[in-house]
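**Student:** Can you read through this structure? Questions will come right after.
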Ligand code: GTQ
């Protein structure tokens, strides 16, 4: 009996060895690793302090010049858990975040690519991003779209250093083996529309010229989304609008479709009042957060990430999270995510945390490396 069992096992082991040599595999052995019960990933949460980022971005301002030494002067957020897998420039498995600096008088040349990009203004004003020949002037808190394949360039006409966040779907496009990039043949794409044209068309009502096309679809007909409008909407919200998991929250949309502003990158602004605490939930989509205003912390899978104005943090996929405003004033959290992609592929799913009145137990406090 024992001898028989042994020989069956030996035979199987030998069979596995032979399969491997033929570049074949036994599904009954590996199914649990392929079709997992829940999302399995290498993305760990992380947090960067604005003070550190700003210092190093400013140093790059002394070392090189965009358009001359660099296509763009950008320092990106590298998630250490993904660098271990050789994934350079990854914040999450799908999303990239970079901090771009433009000094007065500088410009970054026109180019386009298959990645979608969003900008979020952190500090300064007087620079514009031109998208397909339409200048959109950037002020603190504004969100600017440069959708996939649109020609875009940046120029700073103001007097102080200008910092903004670049959010791109780098990991997603790389996984899909769909990355294309092309510089424009000249420094500047022809300016074809009046300044801030689409923002004005949609900022106080919605209008088009008689024979102008505004058919539903992508890219969005608006490139510049103003913070003063976002703040107005959030401040007008009542307790009935207060979501238990996200607080007071708005999503940036494409008005012709009602869907997300960009076709692949979702964008959201959340407001938490002083002392406000959300309940924990998790979803398939991942996100990168930027603290526009205020201070507090986020608990991600039992780990506390303390933040203040300017900081950035990673929310990995399928991770429990809840936010707390510990300050005296309102918190404004901007985030971008891969939700539109998950929704288009019918992969989005979410779950609320029921235990302990919806609050996780804090088991660890995150301390940034260095
Ligand atoms: O400004 O066009 O951070 O193409 C990464 C890629 C910024 C940009 C980034 C880009 C840009």
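**Student:** Would you call residue 80 at negative phi and either surrounded by fewer than 11 Cβ atoms within 10 Å (Cβ to Cβ) or in contact with a helix residue (DSSP H, G or I) (Cβ under 9 Å, 6 or more places away or on another chain) (or both)?
**Tutor:** Criteria met by residue 80.
**Student:** Anything in region 261-276 that is in contact with a strand residue (DSSP E or B) (Cβ under 9 Å, 6 or more places away or on another chain) and not in a strand (DSSP E or B)? List them, or say none.
**Tutor:** Of everything in region 261-276, those that are in contact with a strand residue (DSSP E or B) (Cβ under 9 Å, 6 or more places away or on another chain) and not in a strand (DSSP E or B) turn out to be 261, 262, 265, 273, 274, 275, 276.
**Student:** Read through the list (1) on the phi > 0 side of the Ramachandran plot; (2) modelled with pLDDT under 95; (3) exposed (fewer than 12 other Cβ atoms within 10 Å of the Cβ), then give the number of the only condition that residue 69 fails.
**Tutor:** That leaves (1) as the condition not met.
**Student:** Residues in region 150-169 that are near the ligand (Cβ under 10 Å from one of its atoms) and closer than 22 Å to residue 333 by Cα: how many?
**Tutor:** Qualifying residue count, region 150-169: 5.
**Student:** Right, next: Within region 49-104, work out how many residues are within 26 Å of residue 183 (Cβ to Cβ), assigned to a loop (DSSP other than H, G, I, E, B) and more than 16 Å from the ligand (Cβ to nearest atom).
**Tutor:** The number of residues fulfilling the criteria is 1.
**Student:** Considering only strands (runs of 3 or more DSSP E) fully contained in region 148-260, which possess at least 2 residues that are in contact (Cβ under 8 Å) with a residue 40 or more places away in the chain and closer than 25 Å to residue 126 by Cα?
**Tutor:** 152-156, 162-168
**Student:** For residue 128, all conditions in the list (1) surrounded by fewer than 19 Cβ atoms within 10 Å (Cβ to Cβ); (2) assigned to a strand (DSSP E or B) hold save one; what is the number of the exception?
**Tutor:** Going through (1) surrounded by fewer than 19 Cβ atoms within 10 Å (Cβ to Cβ); (2) assigned to a strand (DSSP E or B) one by one, residue 128 breaks only (1).
**Student:** Looking at region 112-149 only, could you name the residues that are under 18 Å from residue 180 (Cβ atoms) and within 10 Å of the ligand (Cβ to nearest atom)?
**Tutor:** 112, 113, 115, 117, 146
**Student:** Within region 164-213, count every residue that is surrounded by 15 or more Cβ atoms within 10 Å (Cβ to Cβ) and under 30 Å from residue 41 (Cβ atoms).
**Tutor:** Final tally of qualifying residues: 11.
The values are calculated or read from the model by the stated rules, or taken from the named source; none is laboratory data. Bear in mind the structure is a predicted one, so any value in this text is a computation, not a measurement. Cβ coordinates were reconstructed from backbone atoms using ideal geometry, including for glycine residues, and neighbour counts include every protein chain displayed.
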